[in-house]
Structures are given as C-alpha cells and as structure tokens.
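Peer 1: I have a structure I would like to understand better, so I am pasting it below and will then ask my questions one at a time.
The values are calculated or read from the model by the stated rules, or taken from the named source; none is laboratory data. From a predicted model like this one, the values you see are computed outputs, not experimental measurements. Every residue, glycine as well, gets a Cβ built from its backbone with ideal geometry; the counts of neighbours run over all protein chains shown. These accessible areas exclude ligands, DNA and RNA; they are computed on the full protein's heavy atoms, side chains included. Shrake-Rupley method; radii C 1.70, N 1.55, O 1.52, S 1.80 Å.
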There are 2 protein chains.
Amino acid sequence: MKTVRTIDELRKLLAPQRRKTLGLVPTMGYLHRGHLSLIERAVKECDRVVVSLFVNPLQFGPGEDLERYPRDPDRDVRLAEQAGADILFAPSTAEMYPAGAQTVVRVSGLTDRLCGASRPGHFDGVATVVSKLFHIVEPDRAYFGLKDAQQVAVIQRMVEDLNFPVTIVPCPTVREEDGLAMSSRNVYLSAEDRKKAASIYRALREATRKRKTGEVSTASQAVRMIREQLEAVPGLTVEYAEVLSYPGLEPVNELRSQQVIAAVAVRLGRTRLIDNVIWPKEEGSPCSAP
Amino acid sequence: MKTVRTIDELRKLLAPQRRKTLGLVPTMGYLHRGHLSLIERAVKECDRVVVSLFVNPLQFGPGEDLERYPRDPDRDVRLAEQAGADILFAPSTAEMYPAGAQTVVRVSGLTDRLCGASRPGHFDGVATVVSKLFHIVEPDRAYFGLKDAQQVAVIQRMVEDLNFPVTIVPCPTVREEDGLAMSSRNVYLSAEDRKKAASIYRALREATRKRKTGEVSTASQAVRMIREQLEAVPGLTVEYAEVLSYPGLEPVNELRSQQVIAAVAVRLGRTRLIDNVIWPKEEGSPCSAP
C-alpha cells in the first residue's frame, strides 16, 4: 500500500491511461457568434467536443425571462455542427431536475455582488447546473465566455474549492460591429434600443482609454465616468456600474496594482444587458483573459 | 454530430474504454472493524481501493470534539494495508482547505432532522468534503457505513441530485459483542459508561422485536418504547429518538407500509453516541441495507 499526502500526487497516481481530451461548452442555446467562438476553440484544443443546450430554470429568479428566453433548437443543432461539435446534449428540464432534488452548490462571497446582488440565487443555479454538467459529461476542459465574467469567477472558485478535475477556459467576449457584446438577449431589443445599447461598450472603452492616459486613476473615478456616460442615454437605466478586483471581486481604489474588472448592468426597456472590461495589473490595456 | 437528450445515453456515448474499477472508503481514521469491513468489501468489489483518512474540520461544530477526536495514523496505515487497501490518502487540512475556499454543497430537507438538527452545518461539511473526495479520487464506487444512516441518505441524495458518476455502497453496521455500534468515539467512554452504552442497541433490538410481534405498530409507540428504555439508564441523556421513513426521513405513522429507520442519539458523560436500525417495508426483521 502507498500512502499519499497531496492531491496532485494522488491524481497522478490514479490517472487512467491517457484518454482523449474531452471539451464541454455549456450553453442555454440560441447560439450566437460568441458561443460559436467557444465551440471553435474547444474543437481546436480537444479531441471531442460536447455542447450542452439547456435553459436552466434554477438560475432564473421569479419575474425573470425564463419563459420568453429565446429558443431555436433546430438552428442551434445546425450551428453547433458547423462549428465542429461532436455531440449536442439537449436534455429536458425533467431529465436535469427530477422531482425531489434538494442539493445546491453555493459559492459565497463572490456571489453577493454585481449580478449576484440583483439576481439572488442566480449563481446557486449556475454553480449547481455546472456541477451537474461536469458530472454528466466529465470533461477535461470547459469553455465559458468572459461576457459573463462574474460567472467565470464563480465557476473557477467552485472548481478550485471542490477540486473538480476540469480546466476552465475563459474566452474573450465577442462583439457586434458597434461594440455591443453578443448575447442571446439582444434579440429582445427594439431597433431604437439596439442603437442605444452600443453606448454600453462605448462607455467601457472610453473608461479604458482614460485609464491609459491617466485621466482616470481610481475605481471611484472610473465608476463615476462610466455611470455619467450611461445615464446620459435616454431610456437607459443603470442597474450597477462597479470597478472591483478580478477574479476576487473585492473593492479596490487604485487601478494599476492589480487586475480589475469594470462591470455594468443596464436596462433598456424590459431588457437587461451586462458587459465588462478587464484591466490587467500594471500596463493599461483592456484585456479579456483573467 | 449526434444530438442526445438523456443523461444515460450521453454517459454511454462518452464512457471511456473500460478502465479498472476504483473503490473509495472515506474515513476520519482511528480505524475500527466497521471501517475494515468497508475496506474489505471494497477490495472484493474493486480492482483498486483508496482509503481516505481525513478528520474533516468542516463537519465539526463549535464546541464539538474536533481537537480531541482520536487519532492514530500509524496504526491506521497498518490496518488499512492489512485489509487490502492499495492507497491511503491522508491529506493535511491545508491541502484540503486552502485559504479562500468559499464553496459549500448543501442538501436541504434531509439535513434538518436527527443529527442535522443537533449539529447545524454538520451535513454541509460532510457533503462538501465528500464532493471534494469524489472529485479528487474519481471512484466508481464509494463505501459508507450505515451506522451513520442519515449521512448515507444525504450522500445518496447528493449523488443523485448532482449526477456524480459514483455508485454509493451502504454497508451494515458492525457491532461489539454486546451490540454497541463500532465508533471511533467509543474510546471516549469510561468503563462504566461503556457498559451502559450497550443499552442503546438493546433498546433498538427490543423495539425491533416488538414491531415483529405487533406489540408496537406505530412510530409514536416505537419512539415511546425506545425512549423509556433509554431514559431508564442512569446518566444517559437522550438527544433524539425518532422513527422516520428511510431514506427520505419524513414523519411516518404506520410502520409496515414503507421502509423506516429507528434512530437515536444519546449522551453518556461528554460522549455523544448514535445508532439506528432500519426496518424494511412489510416483513418485520431488522435490516441494515436501505
């Protein structure tokens, strides 16, 4: 018998004969170019790629858009296949949540802020369904878009805390021509609101520029600047605009001594949109990898 | 690309080439014959067996016996090896809980009752450490003793709810000559209390007998009988004595229409002891398999 004292040593000892690398791209469907960029990256890096398509009721709060969340499964099949996916996993809600389920995975701290504050329970739903998908698919690598940067931070925390044998691959936000971050929810926007939505990234880009030039050097200056610019847009309501450390999501003051995120959530009509930029430690250029 | 709608179908499709079966026996060490019976069963059923030895601080409440919990790692190594284990995983607390961990796995409902009521947070600690061990070891089968029947129910619920690819194997309680359930904590007992401790299983066995003969036919009769018998023991305090459905742990009345558990927790001096018997549906014999 061998006695082992570290997780690394144990994993090496137990590693089965090297099997093929399996990638997972979890999605809620209604695929856009952001999703496709994740699939394409997974295809490049893995031998086999599973795309999951599941609108997860557990991560929607009461009064949120679960029912009207856009769906087009036939188009999703076509797009996932074109992007090179090998398997599309599209379970029913009953398959994922049979009656009687009582278990929740909860990441505290990180989930009190930003979208966690406005959507209580949202990240419990995310952490729980991602745990389930990891157990069902058993991927080596899982791909997530940084448009949902808080989600990426929560999942990385969960993977580390619970020792999931999965590598999380955060991928850059894909944007429309005018800078709007790709999102399945963009389809909700009226033509007029769609135009206004470009102001979100415009404000983040402007803050990024001012951080570079030194016009903005603290978190509160950055927040004020972003907020002012967004509040100037008629019909747009700011839900939050914050600058925090990333991925720890702690309050910060000075912007250059650590990696930070400038994150916003706004409402345009009935539609809630989020976006962010990540500013790396020291040198001041916007960056999408944590 | 293949589209798949059920978890079973997906798992079959993804199943890597059949590798050797890996068994896990999670323990807090200070191994006794109960633990050894789990290891021996695992050795029979698996190609390779990992025994984990970790006194999990997360499942101890403030004021509980974390510090004085009995430990004898050298003896554990010897006993595990003799029982046929292949690997002993004995991590430090820092290895299992590095600073900054924020994730908890919580099974609600089941954990409100019995030991969950007297030890708030205990089962969060159990579910969390077992999740970690499952991710670290990635066993095919994991072995748990039914002395901790509520723990078995909680873990089975968790495994089902989160789709862990692990088969839980509940194993019968191993007892001393006089019926006392094997427990690392029995070592706390004074000679006098050790003798009194035999009354716990005596009461459960007597209730089992009376259920068979029909003298006891409802949960409240069984509880009253067990409680009376225990309370007659000088110096013994009953923390709880309950008869509930098993593994659902719901209140029951009539005893024959479903599987039930008669579960007790008592204190003898500073020592807390638990025990139970499981009564299967219909025919009335004590049984340790859920």
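Peer 1: Is the stretch A:85-98 home to any residue that is in a helix (DSSP H, G or I), without any contact (Cβ under 8 Å) to a residue 24 or more places away in the chain and under 21 Å from B:LEU14 (Cα atoms)?
Peer 2: yes
Peer 1: Looking only at residues in the stretch B:256-276 that are of a type in the set (Val, Ile, Thr) and surrounded by fewer than 23 Cβ atoms within 10 Å (Cβ to Cβ), which one is farthest from B:PRO70 (Cα to Cα)?
Peer 2: Going through the qualifying residues, I end up with B:ILE274.
Peer 1: Within the stretch B:162-169, is there a residue that is more than 30 Å from A:TYR97 (Cβ to Cβ) and open to solvent by 20 Å² or more (accessible area, probe 1.4 Å)?
Peer 2: Checking the stretch B:162-169: not a single residue is more than 30 Å from A:TYR97 (Cβ to Cβ) and open to solvent by 20 Å² or more (accessible area, probe 1.4 Å).
Peer 1: Tell me, yes or no, whether the stretch B:186-194 has at least one residue that is under 22 Å from B:ALA127 (Cα atoms) and in contact (Cβ under 8 Å) with a residue 60 or more places away in the chain.
Peer 2: No, the stretch B:186-194 contains no residue that is under 22 Å from B:ALA127 (Cα atoms) and in contact (Cβ under 8 Å) with a residue 60 or more places away in the chain.
Peer 1: May I ask you to say which residue of B:ALA149, B:ALA142, B:ALA127 is touching a residue at least 12 places away in the same chain (Cβ under 8 Å), assigned by TED's automatic domain parsing to the domain that holds B:THR21 and in contact with a helix residue (DSSP H, G or I) (Cβ under 6 Å, 6 or more places away or on another chain)?
Peer 2: Going through B:ALA149, B:ALA142, B:ALA127 in turn, just one is touching a residue at least 12 places away in the same chain (Cβ under 8 Å), assigned by TED's automatic domain parsing to the domain that holds B:THR21 and in contact with a helix residue (DSSP H, G or I) (Cβ under 6 Å, 6 or more places away or on another chain): B:ALA127.
Peer 1: Okay, moving on. Being assigned by TED's automatic domain parsing to the domain that holds A:ALA263 and either farther than 19 Å from A:GLY116 by Cα or surrounded by fewer than 19 Cβ atoms within 10 Å (Cβ to Cβ) (or both) narrows it down to one residue among A:ASP178, A:ASP193; which is it?
Peer 2: None of the other options fit; the residue is A:ASP193.
Peer 1: Right, A:TYR240: open to solvent by less than 50 Å² (accessible area, probe 1.4 Å) and over 20 Å from A:LEU146 (Cα atoms) or not?
Peer 2: no
Peer 1: Moving on to the next point. Would you point out the residue of the stretch B:130-146, among those that are of a type in the set (Gly, Ala, Ser) and open to solvent by less than 10 Å² (accessible area, probe 1.4 Å), that is farthest from the other protein chains (Cβ to nearest Cβ)?
Peer 2: So, considering only residues that are of a type in the set (Gly, Ala, Ser) and open to solvent by less than 10 Å² (accessible area, probe 1.4 Å), the one farthest from the other protein chains (Cβ to nearest Cβ) is B:ALA142.
Peer 1: For B:ASP72, state whether it is within 13 Å of another protein chain (Cβ to nearest Cβ), acidic (Asp, Glu), more than 28 Å from B:ARG106 (Cα to Cα) and open to solvent by 20 Å² or more (accessible area, probe 1.4 Å).
Peer 2: In short, no.
Peer 1: Here's a follow-up. Among the residues of the stretch B:99-122, how many are charged (D, E, K, R) and free of Cβ contacts under 8 Å to residues at least 12 places away in the same chain?
Peer 2: Of the residues in that region, 1 qualify.
Peer 1: Examine the stretch B:226-237 for a residue that is closer than 14 Å to B:ALA149 by Cβ and in contact with a strand residue (DSSP E or B) (Cβ under 7 Å, 6 or more places away or on another chain), and state whether such a residue exists.
Peer 2: No, the stretch B:226-237 has no match at all.
Peer 1: Given (1) touching a Leu at 6+ places or on another chain (Cβ under 8 Å); (2) facing chain A (nearest Cβ under 7 Å), identify the lone condition not met by B:PHE123.
Peer 2: Exception for B:PHE123: condition (2).
Peer 1: Of the conditions (1) within 14 Å of another protein chain (Cβ to nearest Cβ); (2) at negative phi, B:ASN163 satisfies every one except a single condition; which number is it?
Peer 2: Result: B:ASN163 fails condition (2) only.
Peer 1: Among the residues of the stretch B:204-220, is there at least one that is open to solvent by 10 Å² or more (accessible area, probe 1.4 Å), touching a helix residue (DSSP H, G or I) at 6+ places or on another chain (Cβ under 8 Å), part of a helix (DSSP H, G or I) and farther than 30 Å from B:ARG106 by Cα?
Peer 2: Among the residues of the stretch B:204-220, at least one is open to solvent by 10 Å² or more (accessible area, probe 1.4 Å), touching a helix residue (DSSP H, G or I) at 6+ places or on another chain (Cβ under 8 Å), part of a helix (DSSP H, G or I) and farther than 30 Å from B:ARG106 by Cα, which makes the answer yes.
Peer 1: At pLDDT 95 or above, in contact with a helix residue (DSSP H, G or I) (Cβ under 9 Å, 6 or more places away or on another chain) and more than 21 Å from B:ALA153 (Cα to Cα): is that true of B:GLU242 in this structure?
Peer 2: Taking the combined requirement at face value, the residue does not satisfy it.
Peer 1: Sort through A:ALA153, A:ALA127, A:ALA80 and tell me the only one that's crowded, with 21+ Cβ neighbours inside 10 Å and touching a Gly at 6+ places or on another chain (Cβ under 9 Å).
Peer 2: A:ALA153
Peer 1: Follow-up. Among (1) modelled with pLDDT under 95; (2) more than 9 Å from chain A (Cβ to nearest Cβ); (3) open to solvent by less than 10 Å² (accessible area, probe 1.4 Å), where does B:GLY63 come up short?
Peer 2: For B:GLY63, the failing item is (3).
Peer 1: From B:VAL233, B:VAL264, which residue is modelled with pLDDT of 95 or more and outside any strand (DSSP E or B)?
Peer 2: B:VAL233
Peer 1: Now, a different point. For the stretch B:36-59: of the residues being at pLDDT below 95 and assigned to a loop (DSSP other than H, G, I, E, B), which is surrounded by the fewest Cβ atoms within 10 Å (Cβ to Cβ)?
Peer 2: Looking at the filtered set, the residue picked out is B:ASP47.
Peer 1: Filter the stretch A:181-199 down to residues that are closer than 11 Å to A:THR271 by Cβ and outside any helix (DSSP H, G or I) and give me whichever is farthest from the chain's Cα centre (by Cα).
Peer 2: Per the criteria, the residue is A:SER190.
Peer 1: Would you please name the residue that is nearest to the other protein chains (Cβ to nearest Cβ), looking only at residues in the stretch A:11-35 that are open to solvent by 30 Å² or more (accessible area, probe 1.4 Å) and modelled with pLDDT of 80 or more?
Peer 2: In this case the residue turns out to be A:LYS20.
Peer 1: Answer yes if at least one residue in the stretch A:3-10 is at pLDDT 95 or above and surrounded by 14 or more Cβ atoms within 10 Å (Cβ to Cβ), and no otherwise.
Peer 2: No, every residue in the stretch A:3-10 fails to be at pLDDT 95 or above and surrounded by 14 or more Cβ atoms within 10 Å (Cβ to Cβ).
Peer 1: Do we find a residue being within 8 Å of chain A (Cβ to nearest Cβ) and among the hydroxyl-bearing types (Ser, Thr, Tyr) anywhere in the stretch B:43-56?
Peer 2: No, that holds for no residue.
Peer 1: If you don't mind, there's one more thing I want to ask. Residues in the stretch B:101-120 that are at the interface with chain A (Cβ under 8 Å from one of its Cβ atoms) and either assigned to a loop (DSSP other than H, G, I, E, B) or open to solvent by less than 50 Å² (accessible area, probe 1.4 Å) (or both): how many?
Peer 2: The total comes to 9.
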